[in-house]
1. Of all residues in segment 216-241 being within 19 Å of Ser132 (Cα to Cα) and of a type in the set (A, V, I, L, M, F, W, C), which is farthest from ligand 2 (Cβ to nearest atom)?
2. Can you name the condition, by its number, that Tyr147 falls short on among (1) closer than 20 Å to Val101 by Cβ; (2) away from ligand 2 (no atom under 12 Å from the Cβ); (3) not aliphatic (A, V, I, L, M)?
3. I'd like the full set of residues that are in a loop (DSSP other than H, G, I, E, B) and either in contact with an Asp or Glu (Cβ under 9 Å, 6 or more places away or on another chain) or of a type in the set (S, T, N, Q) (or both), limited to segment 143-173.
4. What's the number of the condition Glu168 fails, among (1) in contact (Cβ under 8 Å) with a residue 24 or more places away in the chain; (2) surrounded by fewer than 16 Cβ atoms within 10 Å (Cβ to Cβ)?
5. Output the residue which, of all residues in segment 194-209 that are within 12 Å of ligand 2 (Cβ to nearest atom) and either modelled with pLDDT under 95 or in a loop (DSSP other than H, G, I, E, B) (or both), is nearest to Arg223 (Cα to Cα).
6. Looking at Asp264, is it surrounded by 15 or more Cβ atoms within 10 Å (Cβ to Cβ), over 24 Å from the mean Cα position of the chain (by Cα) and among the acidic types (Asp, Glu)?
7. Here are the criteria: (1) within 13 Å of ligand 1 (Cβ to nearest atom); (2) surrounded by fewer than 20 Cβ atoms within 10 Å (Cβ to Cβ). Tell me which single one Asp245 does not satisfy.
8. Tell me which residues, restricted to segment 183-208, are within 11 Å of ligand 1 (Cβ to nearest atom) and under 21 Å from Ala47 (Cβ atoms).
Amino acid sequence: MSHATGFDISSLAPLSHLGDLSVAEFITDYWQQKPVCIRNAVSFQEALLEVDELAGLALESEVESRLIENDGDIKDWRVTHGPLTEGDFNKERDFPWTLLVQGVDCFVPQVHDFLAKFRFLPSWRLDDIMVSYATKGAGVGAHYDRYDVFLIQGEGQRLWQVGQTCNENSPLMAHDQLSLLDQFHMTQEFILNPGDMLYVPPLIAHKGVAVSDACVTYSVGFRSPSHAEVLSTFADDRGMDMSADLRLKDCGFTTNSGEISALDIEGLMTLMRDQITPENVAQWFGKHSTEPKHNGLDMAEEAMDLIELESIIKDAYGVLRVSEGVRLAYTWQGDGGLTLFVQGDALPCPPEATAFVEAISNQWLLEVDEMAQLVKNDAAKAMLLILHNQGYLYFADE
Ligand code: SIN
Ligand code: CO
């Protein structure tokens, strides 16, 4: 059933990039618990992007990038935040350096496609793919992330060491721009060759050093909201729909005018609790978790009308893709209806369009002839056109 509330992970097909591990073993034994290194997880026929292209992205103002130069002692480590300039790359350096570019999946279709390997995890958890390029001896130092990360070696070799579990009280080195751990207690180390993958759970200390020149690492990061973010963004979302005329009713009086009574507290809790319905939580979370990472994405697709769509269907050529950088997810509501969330908006979906919306949200790419089967009725075609004309979907040759 498409909208089952739970499922049996042991029924999932094995994935070649998890090596000998089944999805069930990976999720039960490692995910969010302990690091694991998978050899030959991916076979790169060619680079997902050329180093020149990566450097080019770092020059763009809408792309988040950093150049970290490791010059001796920690106090001599320099961070230059992007957009970088040609001069930053042309500079002669006799010490190691790393270029890190965030959100590369939002800009490069092949990198976006690479995410298909991680479709065994919920896509709302996905943050981005960061790509780093390092010269021999470079690294960003021992640190921990609050994200789950898959570190995949693209080119060259990198030595990864993993260590202790950290928390917000773990002492950091004195550096005003880098959150580097003061202590690193190595427990395991791995030399990664192209195609090898290391999974590192949140809060686990790790440290990577390029042991070859031209060391390229793809970091696929999975975010998870903090409890504070859950509570504050849910409250903000609910507050937006509420009239200021709605006020707390007095629930009871005590003889002590200085006291906030237990009944007052109970009244406040009832008011809050009444907002926590499956529908309210799903609407808020769908919007919140699909908020775009980059606001200024160029999504100006040519608007298309029904006649043009019919002609694409007739030609039965090409694919329909989710635009790079677009976040989408859906949820089934209690009344059996489906709501699609895209880039922070909620779009209720007519029943005739649900098969199409489910397929594009789960697969991110549909062959035109497969798509044609899903948009046989007017409501589904209209939904497709709305999403296309907003720039969320586009047609391509492959
Ligand atoms: C890197 O690619 O150099 C750093 C990735 C990380 O530690 O998360
Ligand atoms: Co890290």
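1. So, considering only residues that are within 19 Å of Ser132 (Cα to Cα) and of a type in the set (A, V, I, L, M, F, W, C), the one farthest from ligand 2 (Cβ to nearest atom) is Val216.
2. Failed condition: (2).
3. So in segment 143-173, the residues in a loop (DSSP other than H, G, I, E, B) come out as 144-147, 156-157, 166-171, 173.
Correct list: Tyr147, Gly156, Gln157, Asn167, Asn169, Ser170, Pro171, Met173.
4. (1)
5. Only one residue fits best here, namely Pro202.
6. Details: surrounded by 15 or more Cβ atoms within 10 Å (Cβ to Cβ): yes; over 24 Å from the mean Cα position of the chain (by Cα): yes; among the acidic types (Asp, Glu): yes.
Yes; evaluated as a whole, the condition is true for this residue.
7. Here Asp245 meets the rest and fails (1).
8. Of everything in segment 183-208, those that are within 11 Å of ligand 1 (Cβ to nearest atom) and under 21 Å from Ala47 (Cβ atoms) turn out to be Leu192, Leu198, Gly208.
The values are calculated or read from the model by the stated rules, or taken from the named source; none is laboratory data. Values in this document were obtained by computation on a predicted structure and should not be read as measured data. Cβ: placed from backbone, ideal geometry, glycine included. Neighbour counts: every protein chain shown.
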